[in-house]
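Here is the structure we will look at.
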Amino acid sequence: MSDIHLDDAVLAALQDVMEDEYPVLLDTFVADSEERLRLLHKAVAEGDAQGLRLAAHSFKGSCSNMGAVLLASLCKELEDAGRREVLEPAPALIEQIEREFAIVRILFKSERQRYRV
């Protein structure tokens, strides 16, 4: 896995803690992330800076917990824009987040394949 996208040490720690539930955690993160992306789009479409900040903050936390370092960093940028109530950069940031999430999803799918029974 690419260290640019995922922190292997975080994933190793999650594997140790989650044991047999680790694949479920990967699946849950992917599904939850898709919903979080939907909420980001909704907040921008509605011009809701507070909603954008909250959704980006939540997404940032789950990305950090899963070792998706670049994705978490992009979410922090979006959270900061929402906090400043500056929505102009939001669509471009969300596009970057979607591209990075597409990469992370592939990496997690590959990681998930290692745990097929």
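Quick notes
- Flag if Arg38 is open to solvent by 70 Å² or more (accessible area, probe 1.4 Å), closer than 21 Å to Lys109 by Cβ and not polar (S, T, N, Q): yes
- Qualifying positions in the range 11-50 - under 20 Å from Glu77 (Cβ atoms), in contact (Cβ under 8 Å) with a residue 24 or more places away in the chain, assigned to a helix (DSSP H, G or I) and more than 13 Å from the chain's Cα centre (by Cα): His41, Ala43, Val44, Ala49, Gln50
- Among the residues of the range 43-61, at least one is crowded, with 16+ Cβ neighbours inside 10 Å and among the β-branched types (Val, Ile, Thr).
- Among (1) aliphatic (A, V, I, L, M); (2) under 18 Å from Pro91 (Cβ atoms); (3) within 15 Å of the chain's Cα centre (by Cα); (4) open to solvent by 70 Å² or more (accessible area, probe 1.4 Å), the one test that Ile4 misses: (2)
- The residue list Glu88, Glu79, Glu100 contains one member that is over 30 Å from Glu19 (Cα atoms), modelled with pLDDT of 95 or more and open to solvent by less than 70 Å² (accessible area, probe 1.4 Å), which is Glu79.
- Flag for Leu11 being open to solvent by 40 Å² or more (accessible area, probe 1.4 Å) and either closer than 22 Å to Ile103 by Cβ or among the β-branched types (Val, Ile, Thr) (or both): no
The values are calculated or read from the model by the stated rules, or taken from the named source; none is laboratory data. Bear in mind the structure is a predicted one, so any value in this text is a computation, not a measurement. For neighbour counting, all protein chains shown are included, and Cβ atoms are generated from backbone atoms with ideal geometry for every residue, glycine included. SASA here: full protein model, heavy atoms, side chains in, ligands and nucleic acids out. Shrake-Rupley method; radii C 1.70, N 1.55, O 1.52, S 1.80 Å.
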